[in-house]
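Okay, structure first, notes after.
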Amino acid sequence: MTDEANTAPSPEANTAPSRETGTAPSRRALIGWGGAGLALGAAAAGGAAAALGGGADDTETVADSGAAVPFYGAHQAGIATAVQDRLHFAAFDVTTDDRAELIALLKEWTKAAARMTQGHAVGGGAVSDLAEAPPDDTGEALGLKASRLTLTIGFGPTLFTDKKGKDRFGIADRRPEALIDLPAFPGDNLDAARSDGDLCVQACADDPQVAVHAIRNLARIGMGKVAIRWSQLGFGKTSSTTPDAQTPRNMMGFKDGTRNIAGTDTAALEKHVWVSGKAGPAWLAGGSYLVARRIRMHIETWDRTSLKEQEDVFGRDKGEGAPQGKQHERDEPNLKAMLPTAHVRLAHPDSNGGARILRRGYSFTDGTDGLGRLDAGLFFLAYQHDVRDGFVPVQRALARKDALNEYIQHVGSALFAVPPGVRDADDWWGRALFS
């Protein structure tokens, strides 16, 4: 999506050195660019670490240092936080029906997340005096910095009532009204194996090992209580919550995210991203709703499309990124100068009653599809205060009219309620929901 774009159909990629630092990537960072080889990973265990407290909505103060993002705060980190370069996202099915076991797991996950995000090993670490027992931490992160790791949890509709209508954990009556079953959109070709989930954890970091290690440790801790339903690796952030930074390009070569909500824009965050105590259940106040969509791009078809058609599809020029009829990327677009099917025009807030969402998507490449075609695209992540007046109406407009639909297809989908932040060491993910 381009800067006006509010929703999913526009992937973004970056295979260049870090946009914000201009430094060359490390050898380790390179493994995140192909999507392959990231099954290992590492958590931040070295000596990096800022204080655990201080609030989750950091700006760019630690972006270039590999330092730690504060874990405790009113909102979860990983939403308004300056977007990191790498992602490991995992959706989990809860395999126990025991409420006490689930609560115990969430408490243990919270403790582990607090340590890993600050650059510390889980529990007793990767090396202990008890050689006969498995270590508490898998150890890939020994000596690595925190790399701005953030871990963000969400609760899916099936945590409240499963597919058979069973209220396994006594929370069915606490399901938020906005935690809907997303409607079917024209053109969707959703794979059930890449959709939904009882829980999700979004791990973002500037080092792919750190992000993947975090998910690996949480999955290990949860063995017997949860199982990974599906996961997605991402590289090259496709959006920025720091608009002054260079605008990322998507895998179609177009700049994206110029007008994304800034992590420092308190008023916009309150209006469009955070759930208020009046508009949602009390347990979700300060939280948000996350839409995750896996969007496959028809790379080979796009690469054979003329430059003029590409620019008409987006409504922007490919070089500067200026709206059609304008000179500079950040010029206010003249929507009427674009084709009625242009992506920018259809996704712009002015075309959607002012609807805005905060996007944190990533590009992905997952090998080929068996026919020699690249399995690549956008893993779209968007936060909003209510999907019913955010993602859903905008995506409906795009699904019907967007010229970009010829070159993309939505193949995975999920929606999660994202609880507020963890306030202190006595708090834990989802405490208000289960209290």
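So here's what we get for this one:
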read-out	value
Tally, over segment 106-123, of residues that are in a helix (DSSP H, G or I) and not charged (D, E, K, R)	8
Some residue of segment 287-308 being assigned to a helix (DSSP H, G or I) and farther than 16 Å from Met252 by Cβ	no
Conditions (1) among the hydrophobic types (A, V, I, L, M, F, W, C); (2) under 23 Å from Thr110 (Cβ atoms); (3) part of a loop (DSSP other than H, G, I, E, B): number failed by Ala178	(2)
Of residues in segment 124-170 being touching a strand residue (DSSP E or B) at 6+ places or on another chain (Cβ under 9 Å), part of a loop (DSSP other than H, G, I, E, B) and among the aliphatic types (A, V, I, L, M), the one farthest from Arg220 (Cα to Cα)	Ala146
All positions within segment 241-293 that are under 30 Å from Leu307 (Cα atoms) and among the charged types (D, E, K, R)	Asp244, Arg249, Lys255, Asp256, Arg259, Arg293
Filtered residue count, segment 207-231, keeping only those that are part of a loop (DSSP other than H, G, I, E, B) and in contact with a helix residue (DSSP H, G or I) (Cβ under 8 Å, 6 or more places away or on another chain)	3
Cβ-Cβ under 7 Å pairs, at least 6 apart or on other chains, segment 180-194 side more than 15 Å from Val394 (Cα to Cα) and touching a residue at least 12 places away in the same chain (Cβ under 8 Å), far side surrounded by 10 or more Cβ atoms within 10 Å (Cβ to Cβ) and among the aromatic types (Phe, Trp, Tyr)	Ala193/Trp230; Arg194/Trp230
Residue ID - farthest from Ser288 (Cα to Cα), chosen from residues in segment 116-156 that are hydrophobic (A, V, I, L, M, F, W, C) and touching a Leu at 6+ places or on another chain (Cβ under 7 Å)	Ala126
Criterion violated by Ala141 - all others in (1) closer than 25 Å to Ala82 by Cβ; (2) out of contact with any helix residue (DSSP H, G or I) (no Cβ under 7 Å at 6 or more places or on another chain); (3) small (Gly, Ala, Ser) satisfied	(2)
Given (1) at pLDDT below 95; (2) farther than 24 Å from Ala192 by Cα; (3) outside any loop (DSSP other than H, G, I, E, B), number of the condition Glu311 does not satisfy	(1)
Matching residues, segment 168-217, being among the β-branched types (Val, Ile, Thr), closer than 20 Å to Tyr383 by Cα and either at pLDDT below 95 or over 17 Å from the mean Cα position of the chain (by Cα) (or both)	Ile180
One residue from Ala347, Ala342 being buried (at least 22 other Cβ atoms within 10 Å of the Cβ) and under 21 Å from the mean Cα position of the chain (by Cα)	Ala347
Set Gly263, Gly277, Gly286: member being at pLDDT 95 or above, closer than 30 Å to Arg423 by Cα and not hydrophobic (A, V, I, L, M, F, W, C)	Gly286
Cross-chain or 6+ apart pairs with Cβ under 7 Å, segment 232-245 first and surrounded by fewer than 24 Cβ atoms within 10 Å (Cβ to Cβ) and in a loop (DSSP other than H, G, I, E, B), then of a type in the set (Asp, Glu) and modelled with pLDDT under 85	Thr242/Glu60; Ala245/Glu20
Residue selected from segment 97-114 under the condition exposed (fewer than 15 other Cβ atoms within 10 Å of the Cβ) and aliphatic (A, V, I, L, M), by the criterion farthest from Asp427 (Cα to Cα)	Ala100
Matching option when the condition is aliphatic (A, V, I, L, M), modelled with pLDDT of 95 or more and surrounded by fewer than 16 Cβ atoms within 10 Å (Cβ to Cβ), among Ala425, Ala399	Ala425
Candidate set from segment 246-260 (those that are out of contact with any Ser or Thr (no Cβ under 8 Å at 6 or more places or on another chain) and crowded, with 17+ Cβ neighbours inside 10 Å); member that is modelled with the highest pLDDT	Arg249
Extreme residue, farthest from His75 (Cα to Cα), among residues of segment 379-422 that are of a type in the set (Val, Ile, Thr) and in contact with a Phe, Trp or Tyr (Cβ under 8 Å, 6 or more places away or on another chain)	Val387
Pairs where the first residue, in segment 95-106, is closer than 13 Å to Gly170 by Cα and the second is part of a helix (DSSP H, G or I), C-beta under 7 Å, 6+ apart	Ile103/Phe434
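This table checks each residue for (1) more than 17 Å from Gly154 (Cα to Cα); (2) small (Gly, Ala, Ser); (3) within 15 Å of the chain's Cα centre (by Cα).
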residue: Gly370; (1), (2), (3): yes, yes, no
residue: Leu378; (1), (2), (3): yes, no, yes
residue: Gly390; (1), (2), (3): yes, yes, no
residue: Ala399; (1), (2), (3): yes, yes, no
residue: Val411; (1), (2), (3): yes, no, no
residue: Ala417; (1), (2), (3): no, yes, yes
residue: Arg423; (1), (2), (3): no, no, no
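The values are calculated or read from the model by the stated rules, or taken from the named source; none is laboratory data. Fair warning: this is a prediction, and the values are worked out from it, not measured in the lab. Here Cβ is always computed from backbone atoms with ideal geometry, including for glycine, and neighbour counts include all displayed protein chains.
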